[in-house]
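Input: a single structure, listed below in structure tokens.
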Amino acid sequence: MRTFLAGVCALFLTCSAAFTQDVPKFSSVQVRTSKPGTTDGGGYMESGNVEFFGGTLLDIISQAYGLEPSQIIGGPNWLDTDRFDIVAKADRTTPAVTLQSMMQALLADRFKLAVRKEEKPLPVFVLTVSKHGLKMKQAKEEGPSDCQGKNDAGNTVRTCKNMTMAEIAQSVRGAAPAYLNHPVVDRTGLTAKYDFTITWTARGQLRRTEDGDTQTISFFDAAEKLGLHFEQQDQPMPVVVIEKVERTPTVDPNEKTRTAPAEPTQFEVASLKPTPPDTKGMKMNITPGGQVELLDLAVADLVKLAYSLDEREEIANMPKWMETDKYDIIAKTIPNVSFTAAQTMLKNLLAERFGLKVHTENQPVQVFAFTLAKRTAKLKDSDGTARSECTPGALDGRRILTCQNVTMEQATAKIHQSAGAYFVHPAVDLTGLKGTYDFALSWSPARRFGRGGDAGAAAGNPSDPTGDITVFEALEKQLGIKVIQQKYPIPTLTIDNVNRTPTEN
């Protein structure tokens, strides 16, 4: 869980532009509404860089205040649906807490955001020592805290060193989100550092049989073996209550004249070589020092990374070798480079080495079309008062998506994101439904059907005798939405030229 930024809006007073007068300002800022059709986009705030592309205001406020989305209370129904692009620059040495304060001031200025701070009982997982006692060894050597994870026969194996209980509570939230779907609070009272290894089975792969199944273990059972107990409780937690926010950001008349130092458009040094045959597993990493490693990536993957694409269908006129020829790129750039600058450098490297030339246009491609079969009672009309949002969850080996006050276009995007292993093509809403809806959808993970996420095959197959159900069956049986594969025009990156043999380093 992100730590709460203390000291902001003291005494629970309403926060507005008034409290931001002494906060440093960004050297450059760009704020705009995202282009229509933009789906879930990432965002980050670090090393003086703030970048959100297609981020909802709920996500942006969450990061600005160092809280989880569940700790942002109230707000208009569009808070988690409308999308915005924000790019802001500050000195690279700006502390993280100052960067958060600067972002809060920016939101108050551009979106007229006013909030107040409170405490409210919220569901959390409380971490305590098991009744059987702690079975973890204290760290013998001093050093930084570190965790490394790997997959072993379908299980997650996580080995950690020099971890305090507070650090464990913070790290496991991201390591096992299907189990720990609420913030984790450390109540062990322990201050020592520990070394340990924990192994658990992904929640969607758990199997329960009458005689017991020794091949799978839940995260909670695995933690008990270490003497750690996680219990869901309601606990007072800091929250931010939204009192006012405007949907359309204001424009700063000085925005065009206030510019940050130009970032590079070319790598200082770049090596591009075919991936060795014995390489196993891709790697994508940009270090704070400016070292870029893109290893074991097909040329198609490099293009998708450079142009922020998700699906293969978003690239038109692509030769087949782009999906099979793999390369390693090791490059050097300035420290703390922004992700957008890294993308620009990668685009230019692909143009230089592969002669890549592209343009964007609408093209008919294979999609999963959501169509209306026979709407069921579970797809309810929303009264329009609740904040539009979808919350993922898991129960008894099934995935669950609970949505309120969402359009079918928004629901299609959320289902596509939540059941990604099924959707090997883009998903589009062709139901014709125009209202907003409340519903809960539950389905079995794609891996249960032994096809490695081959949704094209799974879409037409009946449920497994064990009771497993594909997301496609769930949509039709539970909501009355039938998913069919067909051609449909969507924006695509069309390749005009690409050379299979790159130029020499």
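Just so it is clear, none of the values below were taken in a lab; they were calculated from the coordinates. This one's a predicted model, so the numbers in the text were calculated from it and none came from an experiment. When we count neighbours, we look across all protein chains shown, and the Cβ atoms used for this are built from the backbone with ideal geometry, even at glycine.
For Kirkwood radius over Cα pairs in Å, computed directly from the structure shown, the correct entry in (i) 27.3; (ii) 24.2; (iii) 25.4 is (iii).
For residue 493, nonlocal amide neighbours, meaning residues 5 or more places apart or on other chains whose placed amide H falls under 5 Å from its own, are 315, 316. Taking a straight Cα-Cα cut-off under 28 Å and skipping sequence neighbours fewer than 8 places away in the same chain, the lysines within cross-link reach of residue 140 are 131, 150, 161, 193, 225. In order along the stretch 371-387, the phi-based Karplus estimate (6.51 cos²θ - 1.76 cosθ + 1.60, θ = phi - 60°) of 3J(HN,Hα) comes to 10, 8, 8, 8, 4, 9, 5, 6, 8, 9, 5, 7, 7, x, 8, 6, 5 Hz; Gly and Pro are listed as x.
Using Cα pairs under 8 angstrom and six or more residues apart, how large is the relative contact order of the chain, in percent? Walk me through the numbers before you get to the answer.
Details: 1034 pairs, mean separation 74.8, N = 505.
That works out to 15 percent.
Only helices enter the 222 nm calculation for the chain: every DSSP H run of n ≥ 4 contributes -39,500 (n - 2.57), and dividing by all residues gives -5000 deg cm²/dmol, rounded to 500.
The dipole here belongs to the chain: it is taken about the Cα centre, uses +1 on the Cβ of Lys and Arg and -1 on the Cβ of Asp and Glu, and is about 240 debye. Spin-label pair residue 500-residue 151: with each label point 7 Å from Cα along the Cα-Cβ axis, the two points sit 3.0 nm from one another.
Radius of gyration over Kirkwood radius for the stretch 269-355, both on Cα atoms: the Rg/Rh ratio is 0.95.
Could you order peptides 171-179, 414-422, 315-323 by the average number of other Cβ atoms within 10 Å of their residues, highest first? It would help to have the intermediate numbers written out before the result.
On the way: 171-179: 17.3, 414-422: 21.2, 315-323: 15.4.
Top of the packing list down: 414-422, 171-179, 315-323.
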